[in-house]
1. List the DSSP H helices in the chain whose Cα atoms stretch 20 Å or more along the helix axis and whose mean Kyte-Doolittle hydropathy is at least -0.5.
2. Using alpha carbons only, what's the Rg to Rh ratio of the stretch 76-182 with Rh from Kirkwood?
3. How large is the translational diffusion coefficient of the stretch 306-352 in µm² per second when you combine the Kirkwood radius over alpha carbon pairs with Stokes-Einstein at 10 °C and 1.306 mPa s?
4. Which one, C160, A146, G261, projects farthest toward the positive side of the charge dipole computed for the stretch 139-293 from Cβ point charges (K/R +1, D/E -1)?
5. Restrict the search to the stretch 119-184; then list the trypsin sites (Lys or Arg not before Pro) that DSSP places in a loop and that have at most 16 other Cβ atoms within 10 Å of their Cβ.
6. Taking Rh as the Kirkwood radius, which is the inverse of the mean 1/r over Cα pairs, what is the Rg/Rh value for the stretch 309-461?
7. Mind checking the full-extension length gain between A72 and Q268? Use 0.36 nm per residue of separation minus the Cα-Cα distance, one decimal, nm.
8. What is the gain in length, in nm to one decimal, between A291 and K448 on full extension, counting 0.36 nm per residue of separation less the C-alpha to C-alpha distance?
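The values are calculated or read from the model by the stated rules, or taken from the named source; none is laboratory data. If you're wondering where the values come from, they're calculated on a predicted model, not measured in any experiment. Cβ placement follows ideal geometry from the backbone for every residue including glycine, while neighbour counts extend to all protein chains displayed. Each accessible area value is taken on the protein alone, full model and side chains, heavy atoms only, with ligands, DNA and RNA left out. Shrake-Rupley method; radii C 1.70, N 1.55, O 1.52, S 1.80 Å.
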Amino acid sequence: MGWAGFQELLQRLDRFDLTLLVRPSETNKKKLARYADKVKIVWGDLTRYEDVLEATTGADYVLHVGGMVSPAADYFPNKTRKVNKLAAEHVAKAVLAQPNADKIKVCYIGSVAQLSDRNEPKHWGRSGDPISVSVYDHYGISKTVAERIIVESGIKNWVCLRQSGILYPAILKNFDPIMFHVPLRGVLEWTTIEDSGRLLANLCEESVSETFWNHFYNIGSGPEYRMSNYEFECKLLKAIHCPKPEKIFNPEWFVLRNFHGMWYVDSQVLEDHLHFRGNVPVDDYFKQMGASVPWFYHLSAIVPGFLIKAFIRPMAYKKRWGTQWWIKQNDTNRINAYYGSIEAWKNIPDWKHQDLSHPSEEPIILDHGYDESKPRAEWDIEDMRQAAAFRGGKCLSETMVKGDFRTPLEWECQFGHKFKASPVLILEGGHWCPECLPSPWNYDEIAKGDPFFAQVWYPSHSKEEHNQYGEEIFEGWEK
């Protein structure tokens, strides 16, 4: 996404001076050598404050797109949480250190991973829905923590854009066990890499309304890019003339829950502000992706399906990360998290009996627990009390200035944890108690006393479940 934004901004050098913060790897140096006379390059690292400060100094806009992402984030959970948190802290500190801090506009790129899986019937979502990071998703945790840091930092002009799955040609080259960590009937509203680049550049234009800032938005390329994971697999495989999923996968290789994804009821809001969508028909876009990969990818058109399946099968059984490795090792924590139980896995129907129909196009909108018809300028302490009660807690502050969405208030969750947070973070961001943020993923207990969170937990989990998932961060994996 950062590279796509850079390429888009390069076309606007008549209006922008660009500074890039780039890790000084040999690959990056070769990649950026041709741009050295066009832009300022700061060779550094997000985890070094002095590098972030140098890159930020003099900026009118700061686009914080960098960080660790999956699948590397899955293999290096400790590093992911450290890097993404530290990067947000450094960006906020560097911006606030500027003499014109109140005029600088900061864009933070969040993730759909902050809101876990939203399978039917609650597969539609919007800004303000409850933060509900999937079990074992340390990347999602890191993005949630970093987002909170930016919003609560004191930066006057910020915006949080939560990115969905990104379509780009190299996605066809991804070959990792994570390919089976998605439910077949799970959903995503995908975003093309071109749209992602355009929105980064467009938000820097002076024509953007001041009303755009200090909000949370969902990034999506629109209705045509809303697919089930099965539909996505079909289009992706067709792009390289590969047989359909039924010919090369077993349905039990795919998990039943605990990934992330939703269709957005509000992604048009961001489009109305930034006009970033290219509106390429989705089937045409997949054809373009298929045409852009090396010729040998298309050999799958003449390779028998059973041979392709034999080639792919090891990914399902890969040590620690393969879904069938969990079954083979009787890893009950992972099995319960991703399948519900070993019995649920055993009862997965064959392809002939799978429900592969298109999910419902009728949105089910979650209750946010306060009067959303009131404009933000009219928020008062009673709105805060209502929202807190719907989350199983309390707003401890006795008063607030009407319409003041920035100043932190005091809150208490159902477990007695006290914390401070701004009204906008709670009501529009979907955040709640930072101490309850996983891990250890105490979701079964949280859902019992938090009607707000229960809306997204119980569609995929029974009220009788009492799973103990544990911390499960193994330093050995990072070696």
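1. Values: long enough: 77-96 (29 Å, -0.43); 138-152 (21 Å, 0.13).
Span-like helices in the chain: 77-96, 138-152.
2. When Rh is taken as the Kirkwood radius, the ratio is 1.02.
3. Numbers: Rh = 11.4 Å.
Rounded, D is 139 µm²/s.
4. Towards the positive end, the residue furthest out is G261.
5. Working: sites: K122, R126, K143, R148, K156, R162, K173; in loops: K122, R126, K156.
Loop-located and lightly packed - K156.
6. Working: Rg = 21.0 Å, Rh = 18.7 Å.
With Rg and the Kirkwood Rh in hand, the quotient comes to 1.12.
7. Values: separation 196, 0.36 × 196 = 70.56 nm, distance 3.09 nm.
Full extension from A72 to Q268 adds 67.5 nm.
8. Values: separation 157, 0.36 × 157 = 56.52 nm, distance 5.02 nm.
Difference between extended and current length: 51.5 nm.
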